[in-house]
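Since the structure comes first, as structure tokens, the remarks are kept for the end.
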Amino acid sequence: MRSRHTKLEIVIRTKYSLNLSDAQTIVGAAQAHANHNGWAITVAVVDDSGTPIMVSRLDDASPSSVNTAIEKARSASHTGLPTKALEAMIRERPGIVTLGRVAVEGGLPILYKGQRVGGVGVSGVKSDQDAEVAQAGLQALDLNS
């Protein structure tokens, strides 16, 4: 009797990640945009696990904006969605609030080649302005290469 053994195929995938230089690029561009508009903000960049890589608070930004920026970045990183989308989801499904995510505009996921590699969060001004600053930071990172 012949034994049927199937050969296992091993697939190793590439996992992309942010580094400190990437975070510095995002934070620098976000702060430049905020300074240009006279906004005192905190910006946070986290990796795909939600661990902060860099957090920076401009002069005159509220100390409470630090934790908010981190949580916005973390929420965007974990879900792969802008926190504005989470804010909209809560209107339809209020139970989402219990999942420990910040559902306030100002957090954006960082996506590279279809992978979530982190998130950027901004806090300190109106939510739509926080999102504008986060977008300015994200645009400085060349994610198309």
Using all Cα-Cα distances in the chain, what percent lands in each 10 angstrom bin from 0 up to the longest?
13, 41, 26, 9, 5, 4, 2, 0, 0
Dipole size in debye (nearest 20) for segment 20-140 around its Cα centre, Lys and Arg Cβ +1, Asp and Glu Cβ -1?
300
So which lysines pass the test for residue 72, namely a Cα distance under 17 Å, with those fewer than 8 places away in the same chain ruled out?
84, 126
In debye to the nearest 20, how big a dipole does segment 1-75 give about its Cα centre with +1 on each Lys and Arg Cβ and -1 on each Asp and Glu Cβ?
760
From the residues 114, 141, 24, which one has its Cα farthest along the dipole of the chain in the positive direction, the dipole being from +1 and -1 charges on Cβ of Lys/Arg and Asp/Glu about the Cα centre?
114
Point-to-point label distance, residue 11-residue 88, nm (Cα→Cβ direction, 7 Å offset)
3.2
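Bear in mind that the values in this text are calculations on the coordinates, not laboratory data. The structure displayed is predicted, hence computed values, not measured ones. Cβ coordinates were reconstructed from backbone atoms using ideal geometry, including for glycine residues, and neighbour counts include every protein chain displayed.
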